[in-house]
Amino acid sequence: MLYQLYETQRALLSPFAEFSNASAKLYTHPLLPFTHTPMAARVSAGMGLMHRLSKDYEKPEFNIRSVSIADIDVAVQEQVALAKPFCRLLRFKRFTDDSPMLSLMKDQPTVLVVAPLSGHHSTLLRETVRELLHDHKVYITDWTDARMVPADVGPFHLDDYVAYIQDFIRHIGPEVNVISVCQPTVPVLAAISLMASAGEPTPRTMTMMGGPIDARKAPTAVNNLAMKKDLEWFERNVIYRVPVNYPGKGRRVYPGFLQHTGFIAMNPSRHLKSHYDFFMNLMRGDDENADFHRSFYDEYNAVLDMPAEYYLDTIKTVFQDFSLVNGTWYVKDQQVRPQDIKTTALLTIEGELDDISGAGQTRAAHDLCSGVAAEQHFHYDVVGAGHYGIFSGRRWREKVYPEVRHFIAAHQPAALPTAATTAVDIAPTTVEPTALAAAAVTSPIVATSPIPAVPKTPIAAVASSPPRKAKSGAAAAVAVAAPVALPVVRKRTAKG
């Protein structure tokens, strides 16, 4: 019933949202007399804010039309490489007429970015994709809003998520390098483990960023909620059926509006301040900061429904039974054995100030992947970065991406040159996980000391807070099972 009430409210607010938008323009148009009244700026700003608060937010676009590689603009076209009921595999195909550049791009590594299915759309990783396109062929998982999938398609479990990842890896080929961001670190590790156990070729590298591999380590408020409430509580309180006005009518889902409520509840005062600042920016005519606010909340407020089966499976498997780390996870009667992975290099990344995934949760993957040679374990701790900062914003561009780029390039069959960039190339340091303490490593890790877990709040979802300044880069949300890892680095000067 709650979903139906929400839809009724949305329908009632829709005309008011349009009226507010039209009124805001009415009081700012230079040719209309209303613009020249004493209260015009205040009325326009108020109506503009009401429009933002009452409008419906659709899924944003990636809007990546071109990238610059070695000072050459290269066209980018978004293509659907493989379509499934609950997900599309997108490829960002690059085009150029420059023959040397074409040869360079053909030799660059292939990357599969597994986006989280945790409340927001895959466009949350827009900046991740844009940076990767400078030096890689890029694919990304684009998860479908569950309310748009007809009920007769059937349920979607966590096991199905794992199977989807396996199909995507097989479609691209064993030369792929897999990057999982937040929640998918667990199912991606399971998918690659099962492929290794079956004797299939596995990806060249796997990079795991801020995911809950072992949610017992430094549990956050988000983890604690999932641990302290039983599964029946979640089923009774957060699972609803899709209303009749959507293709997926009748399907059981964890609604996106509940996820969004959890996001806002984590930092309500900061969101309130952000909207007040937006109102003042409109009053002052500060279009730059006002546009930044719009672009951030266009992404932040666009949420999707998750299939109920998948959501509940994630709560139980990842946060209650800890099935992956306990060795008790079976996917379609096959045990998940990360120790069977032998030939895939591993890089884990965590943010020092991550308030969603506790310190060490992602790094736990190293102990599980004991079959990977010691010299193929790497870990990077992003000093000063929160959860969102490890895959977007300045720290992603200047610190994390050079690390990821170097790691992937170092594990290709031949040392292929990458496009010249101005970023500092950072060589990853070898991790010395507990299980490998006796093994020799190429260089000792200089890990930063663990920080105390920052208290977090609600629902089994995860979100970041609104930006404080336009210059700081967008801060967005990531949900359900999404922890992060940490590295230590030694710098070397980039050549060419």
Margin query: With +1 assigned to the C-beta of every Lys and Arg and -1 to the C-beta of every Asp and Glu, and no other charges, what is the dipole magnitude of region 124-190 about the Cα centre in debye, to the nearest 20?
Written below: 100
Check: Which pairs break 18 Å Cα to Cα here: Lys217/Lys332; Lys249/Lys332; Lys106/Lys137; Lys84/Lys106?
Finding: Lys217/Lys332; Lys249/Lys332; Lys84/Lys106
Notebook entry, point to check: Rounded, prolate or oblate: which one fits region 247-348, using the alpha carbon gyration tensor with axes a ≥ b ≥ c (rounded when a/c is under 1.5, else prolate when a/b beats b/c, else oblate)?
Noted result: prolate
Check: Rounded if a/c is under 1.5, else prolate if a/b beats b/c, else oblate: with a ≥ b ≥ c from the C-alpha gyration tensor eigenvalues square-rooted, which is region 315-412?
Finding: oblate
Next item on the list: When a/c is below 1.5 the answer is rounded, else prolate if a/b is larger than b/c, else oblate, so apply that to region 118-211 with a ≥ b ≥ c taken from the square roots of the Cα gyration tensor eigenvalues.
Entry: oblate
Item checked: Surrounding net charge for Ser99, when Lys and Arg each add one and Asp and Glu each subtract one, Cβ distance under 15 Å -> -1
Next item on the list: Place the peptides 46-57, 209-220, 63-74 in order of packing, highest mean first, counting for every residue the other Cβ atoms within 10 Å and averaging per peptide.
Entry: 209-220, 46-57, 63-74
Notebook entry, point to check: Which whole-angstrom value gives the distance between the alpha carbon centres of region 28-45 and region 126-151?
Noted result: 42
Next item on the list: Treating only the Cβ atoms of Lys and Arg (+1) and Asp and Glu (-1) as charged, compute the dipole magnitude of region 316-408 about its Cα centre; round to the nearest 20 debye.
Entry: 280
Next item on the list: Could you order peptides 356-369, 6-19, 128-141 by the average number of other Cβ atoms within 10 Å of their residues, highest first?
Entry: 356-369, 128-141, 6-19
Next item on the list: For region 50-79 and region 198-263, compute the distance between their C-alpha centroids and round to whole Å.
Entry: 26
Notebook entry, point to check: Which of the peptides 223-233, 105-115 is most tightly packed, and how do the rest follow, judged by the mean count of other Cβ atoms within 10 Å per residue?
Noted result: 105-115, 223-233
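None of the figures in this text is laboratory data; all of them are computed from the coordinates on show. Since we're looking at a predicted model, the values are computed, not measured. Reconstructed Cβ throughout: ideal geometry from the backbone, glycine too, with neighbour counts over all protein chains shown.
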